[in-house]
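The values are calculated or read from the model by the stated rules, or taken from the named source; none is laboratory data. Here the structure is a predicted model, which is why all the values come from computation and not from measurement. Positions of Cβ are generated from backbone atoms using ideal geometry, with glycine treated the same way; all protein chains shown enter the neighbour counts.
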Amino acid sequence: MGIVSILKNGLRRKPGPGSAASPNGDPRALKAVNVAMVDALMGALPHDEAMAVAIGGDWDFGGKVQTALLKHYGLPSDGFLIDVGCGAGRLAKTLSEQHQGGYLGIDLVPALVNNARRITPRADWRFEVIDHIGIPAPDARADMVCFFSVMTHLLHEQSYWYLEEAHRVLKTGGRVVLSFLEFQEPWHFEHVFKPTVAAAKSGSTAPLNVFLDRAAIALWANDIGFDVVEFRGGGDEVTPAGNLGQALCVLEKR
Ligand SMILES: C[S@@+](CC[C@H](N)C(=O)[O-])C[C@H]1O[C@@H](n2cnc3c(N)ncnc32)[C@H](O)[C@@H]1O
């Protein structure tokens, strides 16, 4: 199966409980579908290329933009960051060159976490493989929790659950920075949603592409105990480093 085909259509397996073909609320399925995608890429591409494609490409640019956004939204230079869905480490690597504070990166896929750990020159930073939803950190530990291109692949229930977790691990006044896909953004609708519909029709078992809506995020946030700091569109240049292409939401723990 070619790379373009893997990315567009994913892998086809017989549906069944816990298989990669049912990436719903089943913890085994959520992990399996992500691991299967990375395994397929690693089988088809040189290691570094597989790592870059697995997290959506734009390796150097993405790491720089994410780092600039976290600083822009107030990550203190000695603050503690939790990077949910840290992937292959593009944020960790760039941030490690300019951040004195602590870091915890978590992800479902062992190969990605291993890569992130390998390329990040900070022995004091922690990388952990998790199995479903949850942040392995004590209450009120973090200054910021980020989700870059993560809620784009989760069910709404799972994203809400992760926001509850973020609220638990954040200090009062701590912030969430999350990126998301939205229908009101024409590029997201044309170039992500419509191909996702086509992939669904063809029986794809690739990780889900899930859209969120600002009103829903604001409602969840208020319910959990966050204030909305701001929403930004996918094309907005929030910092001179450029934009991620995804919409952004910043929340602050009350
Ligand atoms: C598109 S990649 C983005 C990776 C990274 N945030 C970046 O921007 O380079 C999405 C990542 O989220 C991870 N992921 C998906 N579901 C997750 C979950 N429930 N908990 C933690 N990580 C998850 C995937 O394994 C993948 O590494």
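Does S159 satisfy the criteria of being of a type in the set (S, T, Y) and within 14 Å of the ligand (Cβ to nearest atom)?
Taking the combined requirement at face value, the residue satisfies it.
Output the residue which, of all residues in segment 93-114 that are touching a helix residue (DSSP H, G or I) at 6+ places or on another chain (Cβ under 7 Å) and among the hydroxyl-bearing types (S, T, Y), is nearest to R28 (Cα to Cα).
Of everything passing the filter in segment 93-114, Y103 is nearest to R28 (Cα to Cα).
Does at least one position in segment 149-166 carry a residue that is modelled with pLDDT of 95 or more and in a strand (DSSP E or B)?
So far as segment 149-166 goes, no, none of its residues is modelled with pLDDT of 95 or more and in a strand (DSSP E or B).
Just the residues that are away from the ligand (no atom under 15 Å from the Cβ) and either surrounded by 22 or more Cβ atoms within 10 Å (Cβ to Cβ) or more than 21 Å from R141 (Cβ to Cβ) (or both), please, taken from segment 63-74.
The one that is away from the ligand (no atom under 15 Å from the Cβ) and either surrounded by 22 or more Cβ atoms within 10 Å (Cβ to Cβ) or more than 21 Å from R141 (Cβ to Cβ) (or both): H72.
Could you list, in sequence order, all residues of segment 100-111 that are within 16 Å of the ligand (Cβ to nearest atom) and either surrounded by 17 or more Cβ atoms within 10 Å (Cβ to Cβ) or of a type in the set (S, T, N, Q) (or both)?
Y103, L104, G105, I106, D107, L108, V109, A111, listed by residue number.
Looking only at segment 138-149, count how many residues are closer than 23 Å to G173 by Cα and surrounded by fewer than 21 Cβ atoms within 10 Å (Cβ to Cβ).
Final tally of qualifying residues: 5.
Quick one: in segment 112-137, of everything that is of a type in the set (G, A, S) and surrounded by fewer than 19 Cβ atoms within 10 Å (Cβ to Cβ), which residue is farthest from the ligand (Cβ to nearest atom)?
Here the residue is A123.
Please determine whether any residue of segment 123-146 is assigned to a strand (DSSP E or B) and small (G, A, S).
The answer is yes, given that some residue of segment 123-146 is assigned to a strand (DSSP E or B) and small (G, A, S).
Which pairs turn up if I take residues in segment 99-114 that are in a loop (DSSP other than H, G, I, E, B) and look for partners that are of a type in the set (D, E) and away from the ligand (no atom under 13 Å from the Cβ) with beta carbon separation below 6 Å, at least 6 apart in sequence or on another chain?
Q100/D78; G101/D78
Pick from segment 43-62 the residues that are loosely packed, with under 15 Cβ neighbours inside 10 Å and within 14 Å of I119 (Cα to Cα): which of them is farthest from the ligand (Cβ to nearest atom)?
H47
When residues of segment 118-177 are filtered for being over 23 Å from T67 (Cα atoms) and aromatic (F, W, Y), how many remain?
2
Is it the case that some residue within segment 117-140 is at positive phi, modelled with pLDDT under 95 and more than 19 Å from the chain's Cα centre (by Cα)?
No - not one qualifying residue is present in segment 117-140.
Within segment 172-190, is there a residue that is within 14 Å of the ligand (Cβ to nearest atom) and loosely packed, with under 14 Cβ neighbours inside 10 Å?
No, segment 172-190 has no match at all.
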